[in-house]
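The values are calculated or read from the model by the stated rules, or taken from the named source; none is laboratory data. Every value quoted in this text rests on a predicted model; they were computed, and no experiment measured them. Cβ coordinates were reconstructed from backbone atoms using ideal geometry, including for glycine residues, and neighbour counts include every protein chain displayed.
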Ligand SMILES: C[S@@+](CC[C@H](N)C(=O)[O-])C[C@H]1O[C@@H](n2cnc3c(N)ncnc32)[C@H](O)[C@@H]1O
């Protein structure tokens, strides 16, 4: 039986000793297609390649090579996991994000392509302010695998960052990812409720909090519902609990000229910007993902005084460059 309760024989996914690589791939792809998996051929190729340690080209070049009994058994085991809807990235234990390899575990969300819009939005806001090369301080609330923080650090060689999470296993994973990417010297990880253990100010506050309304979780794709950690998904009754918690701490954490960059669930722009309006922040820019959903918003302290008209005209670029005053700012430290 697979863990989804499917008899293995019915799935016809078993690769057998003596099968060629090509035959094993065909068999897996057929079984995946029968179970309506979205990308059956790709999944079959990745699983077979992973077990054999062969990339795409080598798999094709060696397509007539025959599987050993041990290889066939491992392929069958992994394909049963895929038939139980476990995502390929979880089976492999790694996922690419922002062109970087990230290790993942059972307590980390699989980093999503749409989350790259948060990185793009932050970099665009910094670019507009000519701040990319400065010694910026970044805080990532709910860091998971560390994807957002480490992607930004990889782009900002002068920056230093802290990622927080309530999951120790996620934080260990993020720390390992920082080490593997050569970013450990500029990344720290702290176990706490969003920003509650941190003292600001941060120049960039980023977060992709859990934002699925609790009642919607049951209707998610099995790959997400059954394999992403609940605490990475569950945003409370209306999906907005994480934003409210972050908003309650945001002002002391954020430098006066700092930016807050948030990922949004579909249709949440209005509700989220209202929550942060009460904390004195207003939207400066927004970014859509490839499906046209407003996926990232950049916010900053509300505009006041004589600069307002100029700044309103330049919303997409955030604050005007001359307003940024480099200065010695206190380190972000853990609050005891
Ligand atoms: C949607 S996931 C985002 C993970 C990662 N930043 C990413 O974009 O792939 C949300 C993360 O917030 C963490 N989280 C949930 N509640 C939290 C809280 N109260 N304080 C800090 N982190 C929290 C979860 O453990 C999870 O890692």
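Where residues in the range 199-229 are within 11 Å of the ligand (Cβ to nearest atom) and either part of a strand (DSSP E or B) or more than 17 Å from the chain's Cα centre (by Cα) (or both), which of them is farthest from residue 107 (Cα to Cα)?
The qualifying residue farthest from residue 107 (Cα to Cα) is 206.
Go through the range 43-68 and report how many residues are free of Cβ contacts under 8 Å to residues at least 40 places away in the same chain and assigned to a helix (DSSP H, G or I). I'd like the intermediate steps shown before the answer.
Step one: list which residues in the range 43-68 are free of Cβ contacts under 8 Å to residues at least 40 places away in the same chain, which gives 44-45, 48-49, 51-61.
Right, trim to assigned to a helix (DSSP H, G or I) and you get 44-45, 48-49, 51-52, 56-61.
Final tally of qualifying residues: 12.
Of all helices (runs of 4 or more DSSP H) completely enclosed by the range 230-308, which ones contain at least 2 residues that are at pLDDT below 95? Let's see the steps before the verdict.
Values: elements: 230-233, 241-253, 269-277.
Hits in the range 230-308: 241-253.
Among the residues of the range 150-162, is any buried (at least 19 other Cβ atoms within 10 Å of the Cβ), away from the ligand (no atom under 15 Å from the Cβ), modelled with pLDDT of 95 or more and closer than 17 Å to residue 99 by Cα?
yes
Sort through 87, 113 and tell me the only one that's touching a residue at least 40 places away in the same chain (Cβ under 8 Å) and surrounded by fewer than 17 Cβ atoms within 10 Å (Cβ to Cβ). Talk me through it step by step, then tell me what you get.
On the way: 87 fails: surrounded by fewer than 17 Cβ atoms within 10 Å (Cβ to Cβ).
Just one listed residue meets the conditions, 113.
Among the numbered criteria (1) crowded, with 16+ Cβ neighbours inside 10 Å; (2) over 18 Å from the mean Cα position of the chain (by Cα); (3) within 20 Å of residue 123 (Cα to Cα), which single criterion is violated by residue 256?
(1)
Evaluate the following for residue 171: is it crowded, with 17+ Cβ neighbours inside 10 Å, part of a helix (DSSP H, G or I) and more than 10 Å from the ligand (Cβ to nearest atom)?
no
Six or more apart or on different chains, Cβ atoms under 8 Å: show the pairs whose first residue is in the range 139-162 and at positive phi and whose second is more than 10 Å from the ligand (Cβ to nearest atom) and in a helix (DSSP H, G or I).
That search, which allows pairs on different chains as well, returns 146/175; 146/177; 146/178.
Restricting attention to the range 178-190, which residues are in contact with a helix residue (DSSP H, G or I) (Cβ under 6 Å, 6 or more places away or on another chain) and not in a loop (DSSP other than H, G, I, E, B)?
Within the range 178-190, 178, 184, 186, 187, 189 qualify.
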